[in-house]
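The values are calculated or read from the model by the stated rules, or taken from the named source; none is laboratory data. This is a predicted model, so every value here is computed, not measured. Quick reminder, even Gly has a Cβ in these numbers, built from the backbone with ideal geometry, and neighbours come from all protein chains shown. Ligands, DNA and RNA are stripped out before the accessible areas are found, and what is left, the full protein with its side chains, is counted by its heavy atoms. Shrake-Rupley method; radii C 1.70, N 1.55, O 1.52, S 1.80 Å.
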Amino acid sequence: MVKKGYKQTEIGVIPEDWEIKYLSDFGKIQSGGTPSTTMAEYWGGNIAWCTPSDITSTPTKYINATERTITDAGLKNSAATVMPAGSILLCTRATIGELKINSIPMATNQGFKNITINNSGNAEFLYYLLQTKKNCMLDLAIGSTFLEISKTALIKIPLQIPMHDEQSKIADALSDIDNLVVVLEKQIAKKKAIKQGTMQELLTGKKRLPGFSGDWIKSNIGSCIIEKPSYGINAPAVDFNGFLPRYIRITDISKDGRYCKDAQASVSAENVEPFLLKTNDIVLARTGASVGKSYIYDEHDGRLVYAGFLIKMSIDPQKADSRFIFGVLHTYDYWKWIAQTSMRSGQPGINGEEYASYEFRMPSDLKEQKAIADILTNMDNEIVTLGKKLIKYRQVKQGMMQQLLTGKIRLV
C-alpha cells in the first residue's frame, strides 16, 4: 500500500506532486564531434574541447578547463558544437554515465550527449539525479568494440522530477555535502604532498632533525634483516569468515602501502604459521605491474598470512627501525631503482636477493631513525584520520542522494 502523499510509478513510489519526465523535456540534446587530427589549423585555438578523460580527471562537478582546444576552423569543419556554460556534458561512450557541468563555453567529442537545461529544470539537480541512472544507461548501451548509449535510448530513461523550487533545494543540500567532500579531498592531497616532500628530505639526510649530528651510513636491506628473504604461501583464498587468518595478496595492498580491508579474504591451507606476519615484517610485491609495492605489518590488521607473490623481509630491530626502512621504500630513488631492476623479457619482476641488495643511506643512530619514523607515522595518522572522515562524508552523501532524489525526505 502506498502511503498518503505518494504514488506508484514505473520507477517506484514518488511524491504525488512529482512528475515522470525525460531528459529531452529539459532541452535539445546534442552530440559532439572531433575535427580532423591531421589538420594542424584546427587545433590549439581558444575553444575548450572536452573528452571523457577530461571529465574523469576533474574532481568537482564543474569543469572549467580541457587538455586540448580547437580553433574556429576546427569547430566549423566538424560536428562539434559549443555548449554554453551551465550545460550538462554526459559521457555516453566508454565511460558511460560520467558527467560534469561546464562553467565556461565548451565543445566535446562525439562520445557525449550534451544538453543546456531550460527553465523547467535545475542543472545541478539533474547532475545528481543522472548519477543515479548510470546503471540504466549501461543496461541500454550496445556495441561490440565499446559500449555506447544512443540518444534514442537515453531519452527513454524515466526521471523523477519535483517542482523547480524543490529541485533547487535538493541541489543545494547535496552541493553542501559535496563541498565538504571536496575540501577534505584537497586537504588529504595537500598532506600527502607535504609528506612526500618531508620523506625526500628526512629519509635522504638532506634535512637533519634538531639534536642529531651523527654520521649516516651506506646500507642495504639485506644487512638489516634477521633472516633471508622468504616467499609467501601459494594457497586458495576464501571468503573471510573471522576464524581463518586473513590472506594478504598484492591486490590487497594500496598504493601508499596499506592493507585494504575492504578486499579481505581468508587463506585456506594447513600449517600457515610460518607465513604469519609479525611486528617489523615488511612484504614486497615481486612481480607484475605492482612490483615494488610494499606493506609493513600492523597488528591492528589482525593475523595476516602473506601470499606467494610477496617477499617477506624481517627487519632486525637492533639494526634498523622497520618504519624507517618502509619509508625508504616510498622514495623517488627507490622507485627509480624498481623501474631499472624489474626489467624482464616478460613481465616485470624482482626476486628476494635483488631486493636485499637495494642500497640506501640511513642514520647510524637508531634514535634518529626512530625520530624520523615517528614524524612520518604521525603524518600518516593524520592522513588516515582525514581519509576515514572522507569515507563517512561520502556515505552521508550517498544516503542523502537516496533519500532526497526519491522524495523519501522532502525539503518543502
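Pick from I88, I55, I117, I104: which is touching a helix residue (DSSP H, G or I) at 6+ places or on another chain (Cβ under 7 Å), touching a residue at least 40 places away in the same chain (Cβ under 8 Å) and either farther than 29 Å from M163 by Cβ or open to solvent by less than 10 Å² (accessible area, probe 1.4 Å) (or both)?
Only one candidate qualifies: I88.
Return yes when D176 is under 30 Å from Y393 (Cβ atoms) and without any contact (Cβ under 8 Å) to a residue 12 or more places away in the chain and no when it is not.
yes
How many residues does the stretch 243-257 hold that are among the charged types (D, E, K, R) and surrounded by fewer than 17 Cβ atoms within 10 Å (Cβ to Cβ)?
Qualifying residue count for the region: 2.
Filter the stretch 124-140 down to the residues that are without any contact (Cβ under 8 Å) to a residue 40 or more places away in the chain and touching a helix residue (DSSP H, G or I) at 6+ places or on another chain (Cβ under 8 Å) and list them by number.
Correct list: L140 only.
Quick check on the stretch 271-285. Is at least one of its residues of a type in the set (V, I, T), over 27 Å from the mean Cα position of the chain (by Cα) and open to solvent by 60 Å² or more (accessible area, probe 1.4 Å)?
yes
Take the stretch 345-364 and flag every residue that is charged (D, E, K, R) and touching a strand residue (DSSP E or B) at 6+ places or on another chain (Cβ under 9 Å).
E359, R361 - these are the residues of the stretch 345-364 that are charged (D, E, K, R) and touching a strand residue (DSSP E or B) at 6+ places or on another chain (Cβ under 9 Å).
Can you tell me which condition Y393 does not meet? The list is (1) aromatic (F, W, Y); (2) out of contact with any Gly (no Cβ under 8 Å at 6 or more places or on another chain); (3) over 30 Å from L159 (Cβ atoms); (4) surrounded by fewer than 20 Cβ atoms within 10 Å (Cβ to Cβ), and all the others hold.
Status for Y393: all satisfied but (3).
Kindly establish whether A193 is under 30 Å from I47 (Cα atoms), within 30 Å of the chain's Cα centre (by Cα), free of Cβ contacts under 8 Å to residues at least 60 places away in the same chain and part of a helix (DSSP H, G or I).
Spelling it out, it is not the case that A193 is under 30 Å from I47 (Cα atoms), within 30 Å of the chain's Cα centre (by Cα), free of Cβ contacts under 8 Å to residues at least 60 places away in the same chain and part of a helix (DSSP H, G or I).
For (1) in contact with a helix residue (DSSP H, G or I) (Cβ under 8 Å, 6 or more places away or on another chain); (2) exposed (fewer than 12 other Cβ atoms within 10 Å of the Cβ); (3) in contact (Cβ under 8 Å) with a residue 12 or more places away in the chain; (4) farther than 21 Å from S357 by Cα, each residue gets a yes or a no:
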{"site": "M199", "(1), (2), (3), (4)": "yes, no, yes, yes"}
{"site": "L203", "(1), (2), (3), (4)": "yes, no, yes, no"}
{"site": "S219", "(1), (2), (3), (4)": "no, no, yes, no"}
{"site": "I225", "(1), (2), (3), (4)": "yes, no, yes, no"}
{"site": "A235", "(1), (2), (3), (4)": "no, no, yes, yes"}
{"site": "V238", "(1), (2), (3), (4)": "no, no, yes, yes"}
{"site": "N241", "(1), (2), (3), (4)": "no, yes, yes, yes"}
{"site": "Y259", "(1), (2), (3), (4)": "yes, no, yes, yes"}
{"site": "S266", "(1), (2), (3), (4)": "no, no, yes, yes"}
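Hey, can you tell me all the residues within the stretch 353-384 that are more than 28 Å from T287 (Cα to Cα) and either open to solvent by less than 20 Å² (accessible area, probe 1.4 Å) or outside any helix (DSSP H, G or I) (or both)?
P363, S364, D365, E368, Q369, I372, I383 - these are the residues of the stretch 353-384 that are more than 28 Å from T287 (Cα to Cα) and either open to solvent by less than 20 Å² (accessible area, probe 1.4 Å) or outside any helix (DSSP H, G or I) (or both).
Every residue in the stretch 58-73 that is in a loop (DSSP other than H, G, I, E, B), closer than 19 Å to Q131 by Cβ and open to solvent by less than 40 Å² (accessible area, probe 1.4 Å), please.
Once the filter is applied, which keeps residues that are in a loop (DSSP other than H, G, I, E, B), closer than 19 Å to Q131 by Cβ and open to solvent by less than 40 Å² (accessible area, probe 1.4 Å), the stretch 58-73 yields T58, K61.
Do we have T38 as open to solvent by less than 70 Å² (accessible area, probe 1.4 Å), polar (S, T, N, Q) and either in contact (Cβ under 8 Å) with a residue 60 or more places away in the chain or not in a strand (DSSP E or B) (or both) here?
It is false that T38 is open to solvent by less than 70 Å² (accessible area, probe 1.4 Å), polar (S, T, N, Q) and either in contact (Cβ under 8 Å) with a residue 60 or more places away in the chain or not in a strand (DSSP E or B) (or both).
Out of the stretch 396-408, which residues are over 24 Å from V183 (Cα atoms) and open to solvent by less than 80 Å² (accessible area, probe 1.4 Å)?
T406, G407
Counting only residues that are touching an Asp or Glu at 6+ places or on another chain (Cβ under 7 Å) and either part of a loop (DSSP other than H, G, I, E, B) or modelled with pLDDT under 90 (or both), how many does the stretch 230-260 have?
Qualifying residue count for the region: 1.
What number of residues in the stretch 143-165 are in contact with an Asp or Glu (Cβ under 7 Å, 6 or more places away or on another chain) and open to solvent by 10 Å² or more (accessible area, probe 1.4 Å)?
Here the count works out to 2.
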